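Only the coordinates and a few stated rules stand behind these numbers; no lab work does. Computed from a predicted model, the values in this text were never measured in an experiment. Cβ placement follows ideal geometry from the backbone for every residue including glycine, while neighbour counts extend to all protein chains displayed.
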Amino acid sequence: MLYTRFWGVRGSIPTPGPATVLYGGNTACLEIRVGQRLLIVDMGTGAKPLGDWLMENELKEHPLDADIFITHTHWDHIMGFPMFSPLFIPTTKLKIWGPVSYDGDSLEKVIGTQLSYQYWPVRLDELSAHIEYEEIKQGSLDLGGGLTLTAKYLNHPILCLGYRFEYQGKSIVTAYDTEPFYNLFPTDKHNPAYDDEAAREGEQAAESENQQILEFIKAADVLVYDAHYTQKEYEAHVGWGHSSYDTAINNALKAGVKKLVCFHHEPRRTDGELSALEAEFRKRLAAEPLEIMMAREGMIVEA
């Protein structure tokens with residue numbers, strides 16, 4: 001059994017209110033189940049309802065032992081950590097995995113700084129849970145019990161990892177907070193900074209990275225992909241580290257993905273707009289072997 005449940009689906013900032021009731025206003029948090037094993041991807045504000053659910057259900061039966069995978073340490077992906085209720089239970093065991101973050105600060109320091117009096121009334125050393133940190137880079141790991149993890153660097157303004165979880169021939173892949181790789185060097189020959197060799201090498205590097213993304217998501221049973229923008233919106237926000245629906249769909253089709261979950265909804269995107277876009281894309285893809293859906297809080301997707 002391999003499935004994911006969504007506890008937070010919004011990008012950038014929580015957006016509670018009447019316009020986001022259907023799809024949800026919490027920021028990124030995914031629950032992934034591998035048999036009875038619990039994995040959590042990101043600790044946005046969706047970590048609060050997840051933690052409360054665990055307290056009311058599983059912690060009544062047995063202690064919590066979970067792995068948490070942080071894609072990157074931008075605030076909307078870690079701000080729910082201080083409100084994750086199982087942190088205050090002495091029998092809780094958590095292993096937090098994530099990329100080496102920014103300017104030499106450790107993963108533990110970046111996450112833990114939130115729990116200091118400047119930002120929060122509870123300090124890190126007041127937590128009761130047993131917490132370990134494991135900083136990881138791009139590559140593959142055997143997580144035991146037949147579960148493997150492949151981590152892939154994405155294109156975001158801070159070091160960010162996509163995660164591919166594989167178990168008994170099934171796969172769930174997260175690839176969000178990313179945009180297509182593009183040539184960083186001037187390509188206009190009239191530009192004073194133009195250099196023919198640099199432009200050519202930049203184009204090759206971007207093409208290579210984009211091909212690696214396709215290999216990373218290849219034949220995924222479930223792909224949770226960044227779909228923050230419409231194509232028109234994206235063209236006005238190149239370099240901000242997020243993708244369009246068109247990019248998500250095109251990559252999923254090229255890679256032979258089975259189920260595409262559009263994720264990291266733009267903060268102003270209303271329930272009505274998301275439903276209309278979902279209907280439009282399903283109509284467009286009616287003849288394709290790709291199932292598409294908008295991420296929604298509480299939704300469960302099986303691999």
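Put simply, the Cα atoms of region 2-302 extend 64, 45, 41 Å along their principal axes, the longest span coming first.
Excluding same-chain neighbours fewer than eight residues apart, the lysines reachable from Lys60 by a Cα-Cα span under 17 Å are Lys93. Here the chain carries DSSP beta bridges of which approximately 50% are antiparallel, counting only pairs with both residues inside. Here's the list of aspartates and glutamates a cross-link from Lys218 could span, going by alpha-carbon distance under 18 Å and ignoring same-chain residues fewer than 8 apart: Glu166, Glu179, Glu207, Glu209, Asp226, Asp246, Glu288, Glu291, Glu302. In this rough spin-label picture, where each label sits 7 Å from Cα along the Cβ direction, the Glu108-Lys258 distance is 4.0 nm. In order along region 82-89, the phi-based Karplus estimate (6.51 cos²θ - 1.76 cosθ + 1.60, θ = phi - 60°) of 3J(HN,Hα) comes to x, 9, 7, 3, x, 4, 9, 9 Hz; Gly and Pro are listed as x. Summing charges over neighbours of Thr148, with a neighbour being any other residue whose Cβ is under 9 Å away from its Cβ, gives -1 when K and R count +1 and D and E count -1.
Between the amide H of Leu143 and those of Thr148, Leu149, distances stay under 5 Å, these residues lying 5 or more places away or on another chain, with hydrogens modeled in the peptide plane. Protection proxy ranking for 74-80, 50-56, 142-148, using the average of other Cβ atoms within 10 Å per residue and placing the highest first: 74-80, 50-56, 142-148. Net length available on complete extension from Ala286 to Ser116 is 56.1 nm, with 0.36 nm assigned per residue and the Cα-Cα distance removed. Which one, Ala286, Leu143, Leu107, is farthest towards the positive end of the dipole of region 2-302 when Lys and Arg carry +1 and Asp and Glu -1 on their Cβ? So the residue we want is Ala286.
Each residue of region 278-290 was assigned a 3J(HN,Hα) from its phi angle through the Karplus expression (A = 6.51, B = -1.76, C = 1.60, θ = phi - 60°), giving 4, 5, 4, 5, 5, 5, 5, 9, 4, 9, 9, x, 10 Hz with x at Gly and Pro. Computed over the chain, the per-residue total of -39500 (n - 2.57) for DSSP H runs of n ≥ 4 gives a 222 nm mean residue ellipticity of -7000 deg cm²/dmol, rounded to 500. Backbone geometry of region 291-303 corresponds, through the Karplus equation with coefficients 6.51, -1.76 and 1.60 at θ = phi - 60°, to 3J(HN,Hα) couplings of 8, 10, 8, 8, 4, 9, 4, x, 5, 10, 10, 8, 7 Hz, x marking Gly and Pro. Treating each Cα of region 245-285 as one equal point scatterer and applying the Debye formula with no solvent, the log10 of I(q)/I(0) at q = 0.26, 0.29, 0.30, 0.34 Å⁻¹ comes out as -1.01, -1.14, -1.18, -1.27.
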